[in-house]
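The numbers here are math on the coordinates, done by the rules we state, and not lab data. Computed from a prediction, not measured in an experiment: that's the story for all the values here. Methodologically, a virtual Cβ is constructed for each residue, glycine included, from the backbone with ideal geometry; neighbour enumeration extends over all protein chains shown.
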């Protein structure tokens, strides 16, 4: 089935460790996005990519990094520089750059111990 | 800072009633508007998009847009307990290379049997 697959669903890490969240899609979406959601909050954009080998910072990019080497893959690394990394991370794709019709993965819940 | 504002709720309605969810946005050049539904612990899913002033109906859902008042709403007719979720309003500014979709914090809707 077509969709966006995020892994892992749950992740625990110690302070000071980097962690990479995987996002893979088989929907042939050009654009992919990473959002962060905190309890009782809306979604905040971390990074987005409109085409392969190109990506742009969102509103809260500090402490995060991404790559887009393949159309199907858009991994997010949460670095030790991120001050408050515990959150629900959502990867999404859309059929075209500028489209707000996003299709989300199931999310990855990161807890820093 | 471009903002999207929603009443956080919770909004509680009896089964069969009309639920009305409201959203205002600050940027006059916004052109595309979206409503996403998010069940507790799950990822958001798109339920409505609207691009022109007026009403757009899809089954029990009606989106209403008034660009002059910078206001978009979602009506849910014949509300069902399965409609209980958080509803996120999202606004897109099209054009240029710096595309971003901005989300409100969401309104929690509870439909009581």
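Sorting the segments A:24-31, B:64-71 by their mean number of nearby beta carbons within 10 angstrom, highest to lowest, gives A:24-31, B:64-71.
Count, for each residue of A:8-20, the Cβ atoms from other chains sitting within 10 Å of its Cβ, then give me the mean as a whole number. Please report the intermediate quantities before stating the final value.
Working: counts 0, 0, 0, 0, 0, 0, 0, 0, 0, 0, 0, 0, 0.
Average neighbour count from other chains, rounded to a whole number: 0.
The spacing between the range B:43-113 and the range A:31-56, judged by their C-alpha centroids, is 20 Å. Here is the size of the range A:52-113 from its Cα atoms: Rg then Dmax, 12.7, 38 Å. Computing FRET efficiency as 1/(1 + (r/R0)^6) for residue A:26 and residue B:56, where r is the C-beta to C-beta distance and R0 is 35 Å, gives about 0.70. The relative contact order of the range B:33-113 comes to 27 percent, based on Cα pairs under 8 Å that sit 6 or more residues apart.
Determine the shape class of chain B: with a ≥ b ≥ c the square roots of the Cα gyration tensor eigenvalues, call it rounded for a/c under 1.5, and otherwise prolate if a/b is greater than b/c, oblate otherwise. Provide the component values of the computation, followed by the final result.
Values: a/c = 2.07, a/b = 1.66, b/c = 1.24.
The shape class here is prolate.
Projected onto its three principal axes, the C-alpha set of the protein assembly as shown covers 49, 39, 37 Å, listed from the longest axis down.
Report, as an integer, the average count of C-beta atoms from other chains found within 10 Å of each Cβ along A:99-108. Write down the numbers at each step before the final one.
On the way: counts 7, 18, 8, 9, 4, 7, 1, 3, 4, 0.
For this peptide, the per-residue mean of nearby foreign Cβ atoms is 6.
Beta bridges per DSSP, both residues in the range A:8-113: antiparallel share near 90 percent. Relative contact order for chain A: what is it in percent, counting Cα pairs under 8 Å that are at least 6 residues apart? Relative contact order here is 35 percent. Average 1/r across all pairs of distinct alpha carbons in chain A, invert it, and you get the Kirkwood radius: 13.9 Å.
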